[in-house]
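Asker: Below is a structure I'd like to ask you about.
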Amino acid sequence: MTNLTTGTVVSTDERHLKRAKKAALAAFLGGALEYYDFFIYATAASLVFSKIFFPAGDTTIALLASFATFGVAYVARPFGAVVFGHLGDKIGRKNTLVMTLVLMGSSTFLIGVLPDFNTAGYWAPALLVLLRLMQGLSAGAETAGASALSTEEAPEGRRGFFASFAMSGVSAGIVLASLAFLPVAAMSEAERLAWGWRIPFWLSVLVLIVAFLVRRSLDEPEVFEEKQEHGELVKLPFTRMFKTHPAQFFQVALMSFETVTNTFMQSFGLAYAVSVGVPASTMLWVSIVGNLLAVASQPLMARLSDRFGRRPVFITGVLGSGAMIFVYFSVISTGNVPMIFLASTLITAGTYAMSNAIYPAWFSELFNVKVRYSGMAIGLQIGIVCAGFTPLLGTALVGAEKANWAPAAWIVAASSVFAVAGAWWARETHKTPLRELGNPVR
């Protein structure tokens, strides 16, 4: 193939590799924006929102209400998965991903300009919930779409590696969010509550612009275009998926419970650590170190799955996280900062990275191209919806007794059991050719 601009000959393999790299970059940036936005909300819900968006009174009740607004986005995620999953399987991955990106970025910026309870009364939490729902609609399809596109563009034998950059983007987003909140955590409480908390929400515009420019330049995956050109796309991907891939849907739903580990650590873990006397800035640095290492470790873990299979690497990671979470909460309860860093990093960049890096490719590979976006998006949200409310449940179970951290750890451990069950049931796909993925077993 000849490049018309330079006159040089470009091989088909080189062209495909270039497309795969661009898709991975777009997935990385989209994941960074999504989880920058989601994590600054989780951080603000832990440190700020309970004090400015709700009536003064019992601090535990206010924190529960704040975590409830955090969880409400997870209620919207399945609806976003259905709507945008349908569009992704009908009009294409690229345009749908541009829509989810803009919806996420704009709603996050608007949260940063909301009035507080003293100014607007109950309109303040109502508007907060509305914008949080918009975030949830976008997030319900962002990861699935980016994963499907990256998987479909990746070279054979390297699908896990290229698709994992969506998760490295998630880790990068958490790092950026933590860095954005460090100066906010260092402010006096009066400054933080008055205006400081708004800055991280406004800064999301910078990530949005970069991600938008990259995503607009993407092409549709060839495997999708082939179905589109031959009129093989289905009218209602959502219903077709349930008819043709019911087992795969439930497998993904079970495996998606692995996300509980990260959600619990990033929201409940932060609030719990602060309640036992660990400074918020310390916990933000804990998050930064672990996720910065995870940006690099996740592609390596995914590469292992390309060689040895999705199932063994995924299950090892999930079981490791389910065990390590007891160590994590135990060391937080003692206030031992070096051990908190060690335990958190071993989970975030180690055990959790093993399962988290693999699911973008594996979940996508379980579905046929005609229903891939819908199947992965909707199935993934089952566990993620549950994950969104685990901080609320953990706060209610632990209550005011700070030594009573065991219920929180058992929530994560139980979620790990669901994820392992789904992985044991699911088909191994790492060696299946792209155009045969999601087809019936012969």
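Asker: Over the chain, with a Gaussian network built from C-alpha contacts below 10 Å, which listed residue (Tyr122, Tyr328, Tyr359) shows the highest mean-square fluctuation?
Answerer: Tyr122
Asker: Still on this structure: Put +1 on the Cβ of each Lys and Arg and -1 on the Cβ of each Asp and Glu in the chain; which of Tyr36, Leu128, Thr282 then has its Cα farthest toward the positive end of the dipole?
Answerer: So the residue we want is Tyr36.
Asker: Report, as a whole number in µm² per second, the diffusion coefficient that Stokes-Einstein gives for region 122-261 at 10 °C and 1.306 mPa s using the Kirkwood radius over alpha carbon pairs.
Answerer: In µm²/s, the coefficient rounds to 84.
Asker: Can you work out the base-10 log of I(q)/I(0) for region 301-440 at q = 0.15, 0.18, 0.20, 0.21 1/Å, using the Debye formula on its C-alpha atoms alone?
Answerer: So the normalised log intensities are -0.81, -1.05, -1.20, -1.28.
Asker: Using only Cα atoms, find the angle between the long axis of helix 280-308 and the longest principal axis of the chain, and express it within 0 to 90 degrees, rounded to the nearest 10.
Answerer: Taking the Cα atoms of the chain, the angle to 280-308 is about 20 degrees.
Asker: With the radius of gyration and the Kirkwood radius both derived from the Cα set of region 215-269, what is their ratio Rg to Rh?
Answerer: Values: Rg = 17.3 Å, Rh = 14.7 Å.
Computed over Cα atoms, the ratio is 1.18.
Asker: What is the packing order of peptides 194-204, 110-120, taking the mean over residues of other C-beta atoms within 10 Å and listing the highest first?
Answerer: Numbers: 194-204: 19.1, 110-120: 15.9.
Top to bottom by mean Cβ count within 10 Å: 194-204, 110-120.
Asker: Let me ask something else. Applying 1/(1 + (r/R0)^6) with R0 = 35 Å to the Cβ-Cβ distance of Thr316 and Ala396, what FRET efficiency is obtained, to the nearest 0.05?
Answerer: Rounded to the nearest 0.05, the efficiency is 0.65.
Asker: Along its three principal axes, how long is region 207-308 when you only count alpha carbons? Whole Å, largest extent first please.
Answerer: 62, 35, 31
Asker: In a Gaussian network model over the chain where Cα atoms closer than 10 Å are linked, find which of Ala27, Ala141, Ala126 has the largest mean-square fluctuation.
Answerer: Looking only at Ala27, Ala141, Ala126, the largest GNM fluctuation is found for Ala126.
Asker: Between 0 and 90 degrees, rounded to the nearest ten: what's the tilt of helix 310-334 against the longest Cα principal axis of the chain?
Answerer: So the inclination is approximately 10 degrees.
Asker: How tilted is helix 372-398 with respect to the longest principal axis of the chain? Cα atoms for both, answer in degrees (0 to 90, nearest 10).
Answerer: So the helix axis and the longest Cα principal axis differ by about 10 degrees.
Asker: Defining a contact as two alpha carbons under 8 Å apart and six or more residues distant in sequence, what relative contact order in percent does the chain show?
Answerer: 25
Asker: Given the Cα atoms of the chain, and with Rh set as the inverse mean 1/r over their pairs in the Kirkwood sense, what is Rg to Rh to two decimals?
Answerer: Across the chain, the Cα-based Rg/Rh ratio is 0.97.
Asker: Please give, to one decimal in nm, the separation of the simple spin-label points placed at Val205 and Lys243, each 7 Å out from Cα toward the Cβ.
Answerer: A separation of 4.8 nm, rounded to one decimal place.
Asker: Can you tell which of Thr259, Thr100, Thr334 shows the greatest fluctuation in a Gaussian network model of the chain with Cα springs below 10 Å?
Answerer: Most flexible of the set in this elastic network: Thr334.
Laboratory data are not the source of any read-out in this text; all were calculated from the coordinates shown. As the structure is a computational prediction, the values presented were derived from the model and not from experiment. Cβ coordinates were reconstructed from backbone atoms using ideal geometry, including for glycine residues, and neighbour counts include every protein chain displayed.
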